[in-house]
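> Quick one: the structure is below, and I'll ask about it shortly.
The values are calculated or read from the model by the stated rules, or taken from the named source; none is laboratory data. Quick caveat, the model's predicted, so the values are computed rather than measured. For neighbour counting, all protein chains shown are included, and Cβ atoms are generated from backbone atoms with ideal geometry for every residue, glycine included. Note: accessible area is taken over every heavy atom of the protein model, side chains too, but ligands, DNA and RNA are not part of it. Shrake-Rupley method; radii C 1.70, N 1.55, O 1.52, S 1.80 Å.
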Amino acid sequence: MPSKKSQKSTRSHRSTLSLQKTEIIINVYDLLPPGRVASTLWFLGTSLLHSGVVINGKEYAYGGHDRRGVTGVYWTRPQTEPPGGTFKCEILHGFTLAPQNEIDVIIREASEEFGGTAYNLLTKNCNHFTSYLCQRLTGRPGPNWLNRAASIGMALPCVVPRDWIEAPDFDTAEGELLDEDDNADESSRMLRLSSEQPRLVDQPGRRGGNRGSSDWDSEDEHQSRGTGKGKGKAPAIRDAAGRTLPASERAPVPRD
């Protein structure tokens, strides 16, 4: 007959096995067009970056939009590049012992904290969301260097060029600037043809949830919805401080 000490040890071992560690991974994307400038700023740790947190096969990120009362938190297939973004690296930030139901609660609370209309390129952006979610899940915030460009923009608002805060329009491989409408439309079309469409996180009490049909809108589609005539010029989507949001920092919104 096993001793009490042996039985206690066995129970402890089974309890430890029941605690499954979940990896918390950060994916990082460079929002500057590939080239010498982007490479230099990446090396210096001052590039314009987008990030997302990968949990159990879903990458959660944050973007802005113009619909009040709707979250800006969405998920995609890991390493799905935002419009104009280039995947740079993944970071194993740590682990969480929280069960899936607790992880779901944390993500839901984050979605309520980070509304789409609250997005601010300097003070409440995708990297702030990454840091917040990592803190909630692992007890450690995300790396400070993810938001170094925004921090410099806050400290030196009159010195830092506007284009260093707002991601520029993206270039072709030959270095020629693409028309924003054409490029965004191609990006949107590619997403719809794939299984990688980003989706807003469901929020309790909101009718329709994410409706299962969200994706990064093209500018032409946004204009069509904004006027009801298909070709009128709709106001640009802006952050909480009035800065125009680049396509890479817009959250996908449900179709009306």
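> Is there a residue being within 21 Å of the chain's Cα centre (by Cα), under 17 Å from Ala98 (Cα atoms) and of a type outside the set (D, E, K, R) anywhere in region 42-53? Before you say what the answer is, go through the steps one by one.
If we filter region 42-53 for residues that are within 21 Å of the chain's Cα centre (by Cα), which is where we start, we get 42, 45-53.
Then drop every residue that is not under 17 Å from Ala98 (Cα atoms), which leaves 53.
Checking the rest, the ones that are also of a type outside the set (D, E, K, R) come to 53.
Yes, that holds for at least one residue.
> Can I ask one more? Is it true that Thr130 is within 21 Å of Tyr74 (Cα to Cα), of a type in the set (Val, Ile, Thr) and modelled with pLDDT of 95 or more?
Details: within 21 Å of Tyr74 (Cα to Cα): yes; of a type in the set (Val, Ile, Thr): yes; modelled with pLDDT of 95 or more: yes.
Answer is yes for this residue.
> Answer yes or no: is there a residue in region 164-173 that is part of a helix (DSSP H, G or I) and either over 17 Å from Glu249 (Cα atoms) or at pLDDT below 90 (or both).
Yes, region 164-173 has at least one match.
> Right, something else. Taking only region 229-243 into account, find how many residues are of a type in the set (Lys, Arg), modelled with pLDDT of 50 or more and part of a loop (DSSP other than H, G, I, E, B).
The first filter runs over region 229-243 and keeps only residues of a type in the set (Lys, Arg), leaving 229, 231, 233, 238, 243.
From the residues that got through so far, the ones that are modelled with pLDDT of 50 or more too are 233, 238, 243.
Filter once more, so that each one left must be part of a loop (DSSP other than H, G, I, E, B): 233, 243.
So the count comes out to 2.
> Would you list the helices (runs of 4 or more DSSP H) that sit entirely within region 30-139 and hold 1 or more residues that are open to solvent by 60 Å² or more (accessible area, probe 1.4 Å), in contact (Cβ under 8 Å) with a residue 40 or more places away in the chain and among the hydrophobic types (A, V, I, L, M, F, W, C)?
On the way: elements: 36-44, 100-113, 126-138.
Passing ranges, in order: 36-44.
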